[in-house]
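Inspection log for the structure reproduced underneath, given as structure tokens.
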Amino acid sequence: MNISLTRLALNCCLFSLMAVGGANALIPEMHRQVVDVDGWMSSTEFASLFAIAQAAPGPNMLIISLIGWKVAGIAGAVVSTLAMCGPSSLLAYGVGQLLQRFHDAPWRRIIERGLAPITIGLVLGSGCLLAKAANTSWPGYVLTAASVVLAVRTRLNPLWLLAGGAAIGLTGWV
């Protein structure tokens, strides 16, 4: 697939500036852009890349590097990673300086409290989108629901949930 690295960089710069709460909060928009709008990959490929990114140690923004790699090779991975990290880092630095300057201002606490529910909603939306992309039958939805309950109710490492899901998948039940 021949794509423009400039287009990839611009998409990732936009993602970077929208990533309130981290890259995982943008999963629905990333999916829409790379699957529905640009057609760079299928929903299944996107869900697989997300699973790999979550299983790997390191920052949760690894998904963007994998998207870049999938659509444009090593150059795409480098461009997408730099475009995802650069703008948000500069913005965070500038906002950090501003918040430090106005650390006692009442509007600061209002903004911080207002961003929390937005981030939670974006992450929940990401989960719903990934469940829809990864599941093709009712047993898959049952497995996803059970994994969500276990993740919320226990302190079980998510890698165990992935391993359990893979083992169940090998049985052919899902």
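Worth a mention:
Quick grid of which residues meet (1) under 18 Å from Gly76 (Cα atoms); (2) among the polar types (S, T, N, Q); (3) crowded, with 16+ Cβ neighbours inside 10 Å:
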{"residue": "Ser4", "(1), (2), (3)": "yes, yes, no"}
{"residue": "Ala9", "(1), (2), (3)": "yes, no, yes"}
{"residue": "Cys12", "(1), (2), (3)": "yes, no, yes"}
{"residue": "Ile27", "(1), (2), (3)": "no, no, yes"}
{"residue": "Gln33", "(1), (2), (3)": "yes, yes, yes"}
{"residue": "Leu49", "(1), (2), (3)": "yes, no, yes"}
{"residue": "Ile52", "(1), (2), (3)": "yes, no, no"}
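- Residue within segment 106-114 that is under 22 Å from Ala19 (Cα atoms), acidic (Asp, Glu) and over 14 Å from the mean Cα position of the chain (by Cα) present: yes
- For segment 14-25, the candidate set comprises residues that are buried (at least 17 other Cβ atoms within 10 Å of the Cβ) and modelled with pLDDT of 85 or more; within that set, the residue that is nearest to Ser126 (Cα to Cα) is Phe15.
- Residue in segment 34-54 that is farther than 22 Å from Leu161 by Cβ, assigned to a helix (DSSP H, G or I) and among the polar types (S, T, N, Q) present: no
- Picking from residues in segment 129-147 that are surrounded by 13 or more Cβ atoms within 10 Å (Cβ to Cβ) and of a type in the set (A, V, I, L, M, F, W, C), the one that is farthest from Ala23 (Cα to Cα) is Val142.
- The residue of segment 90-104 that is nearest to the chain's Cα centre (by Cα), among those that are within 22 Å of Phe15 (Cβ to Cβ) and open to solvent by less than 70 Å² (accessible area, probe 1.4 Å), is Ala92.
- Scan of segment 105-119 for residues that are open to solvent by 40 Å² or more (accessible area, probe 1.4 Å) and either among the aromatic types (Phe, Trp, Tyr) or touching a residue at least 12 places away in the same chain (Cβ under 8 Å) (or both), ordered by number: Trp107, Leu115, Ile118
The values are calculated or read from the model by the stated rules, or taken from the named source; none is laboratory data. Computed from a predicted structure; not experimentally measured. Neighbour counts run over all protein chains shown; Cβ positions are idealised from the backbone, glycine included. Ligands, DNA and RNA are excluded from the accessible area calculation, which covers all protein heavy atoms including side chains. Shrake-Rupley method; radii C 1.70, N 1.55, O 1.52, S 1.80 Å.
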